[in-house]
Amino acid sequence: MICDGIEDFAAALPPMQAVAGLDLGERTIGVAVSDTFLSVATPLETIRRRKFGQDAEKLLAILSARNIGGLVLGLPRNMDGTEGPRCQSTRAFARNLARLTDLPIGFWDERLSTVAAEKALLEADTTRKRRAEVIDHVAASYILQGALDRLRHLRADP
C-alpha cells in the first residue's frame with residue numbers, strides 16, 4: 001500500500017514493529033532499520049542492484065527476517081522541490097514493490113541526505129574505501145531518521 005503523505009503512512013503502521021528506510025540509487029539500495037519504538041534509525045546494509053526481481057527478493061527477505069512493519073523510500077526531489085526523473089524512478093520502484101508486499105510504503109524528502117552522510121563519515125575519519133562501502137546505508141539511515149522524527153511529532157500532536 002503506497003501512502004500519499006506521512007500522516008497516512010503513520011496511520012497504516014502496525015504497532016510495535018520496526019520500519020525500514022531505503023536510499024535507492026542507480027547501482028545500489030541502502031537499507032536502514034528502526035527500533036520497534038520508531039525512535040532510532042540504524043544503517044544496515046547496501047544491496048547491489050541487479051534486476052528488480054532479484055532486488056525485491058533480497059529486500060523482502062531482509063524485511064521478513066527483521067519483522068519490518070513499513071517502508072520509507074527516500075524521494076530525491078530537485079533542490080527547488082520539484083520532482084524529476086529520479087523521483088519517477090523511485091515511485092515506479094514503490095509501485096512494483098507494492099505488488100509484492102502489503103507493507104505500507106511512504107516517501108521522505110531525501111535532499112542532501114547523502115551529503116549529510118558523507119560529512120558524518122568524514123568527521124568520523126572514515127577512509128575513502130570504507131566511505132564508498134557504507135555511504136548508501138548511512139544515507140538511508142538519515143532518510144529514515146527524518147521520517148521517524150516526523151512520526152514522533154505526529155504522535156505527540158493532539
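Per-structure values
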item	result
Exposure proxy ranking, count of Cβ atoms within 10 Å, fewest first, for Glu45, Glu26, Glu57	Glu26, Glu57, Glu45
Estimated FRET transfer efficiency when R0 is 22 angstrom, pair Lys51-Met1 (beta carbons, to 0.05)	0.40
Distance between modelled label sites at Arg152 and Glu83, nm, 7 Å Cα→Cβ extension	2.8 nm
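Bear in mind that the values in this text are calculations on the coordinates, not laboratory data. This one's a predicted model, so the numbers in the text were calculated from it and none came from an experiment. Every residue, glycine as well, gets a Cβ built from its backbone with ideal geometry; the counts of neighbours run over all protein chains shown.
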